[in-house]
Amino acid sequence: RPVLLYMVSMHRTCRAILGGDLDKAESWAEATHQVGIDSGQPEARAMFGAHLLRIRREQGRGDEVIDLLEAVAAANETLAALRGSLANLHVVSGDRGRAVELLQAQDALGYESIHEDNLWISAMAEWGEAAAAVGDTGAAASILDLVAPFRGVHVHNGATGAGPVDRVVGLLLGTLGR
């Protein structure tokens, strides 16, 4: 059952990322990608990209994938999680100005306008981390109101995870001086 192996491999990759074993995570991501391609999973490349993005970000090597994410985010304008990830990648890569631009653009749209689907909590976590990283108190307050009810929940969208919502809430509260 290749599809079951694919699903289990995705979760193993995510667990390795969250556990900080980035070498193992990369190995699992590559294996997961291959199983997905071999079994005809239409999202295999996208999932590999999502895993690699998280891995590179955690390694402090986000600049290696930033151009790719810029292109993917531009081609998928409705996916706020991609733009939030991009803002975070710019922070990690030292381009705080671009991160602020992305936050300002999303702020103009409103965080409450982000579509509530399986990517919603990931989008909120990404935007929350970016707001905290650049000290954007307006965005922090808006996002905090939306994510605070989800304390105790793990940020996971079916393919990648980013730890507990409580972590994001803590970052936002710190940004707001609370």
TODO: For GLU101, indicate whether it is out of contact with any strand residue (DSSP E or B) (no Cβ under 9 Å at 6 or more places or on another chain), open to solvent by 50 Å² or more (accessible area, probe 1.4 Å) and part of a helix (DSSP H, G or I).
DONE: yes
Open item on the list: Under 9 Å between Cβ atoms, which residue pairs at least 6 apart in sequence (or on different chains) link something in segment 56-77 that is at negative phi and touching a residue at least 40 places away in the same chain (Cβ under 8 Å) with a partner that is in a loop (DSSP other than H, G, I, E, B) and open to solvent by less than 80 Å² (accessible area, probe 1.4 Å)?
Closed with: GLU58/GLY20
Open item on the list: Among the numbered criteria (1) more than 22 Å from GLY174 (Cβ to Cβ); (2) modelled with pLDDT under 90; (3) not in a loop (DSSP other than H, G, I, E, B), which one does ARG57 miss?
Closed with: (1)
TODO: Filter segment 21-77 down to residues that are under 28 Å from LEU4 (Cβ atoms) and among the basic types (Lys, Arg) and give me whichever is surrounded by the fewest Cβ atoms within 10 Å (Cβ to Cβ).
DONE: ARG45
TODO: Output the number of residues of segment 158-178 satisfying the condition of being open to solvent by 30 Å² or more (accessible area, probe 1.4 Å) and either at pLDDT below 80 or more than 17 Å from ALA140 (Cβ to Cβ) (or both).
DONE: 2
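The values are calculated or read from the model by the stated rules, or taken from the named source; none is laboratory data. As the structure is a computational prediction, the values presented were derived from the model and not from experiment. Neighbour counts run over all protein chains shown; Cβ positions are idealised from the backbone, glycine included. Just the protein is used for accessible areas: all its heavy atoms, side chains included, with ligands, DNA and RNA removed. Shrake-Rupley method; radii C 1.70, N 1.55, O 1.52, S 1.80 Å.
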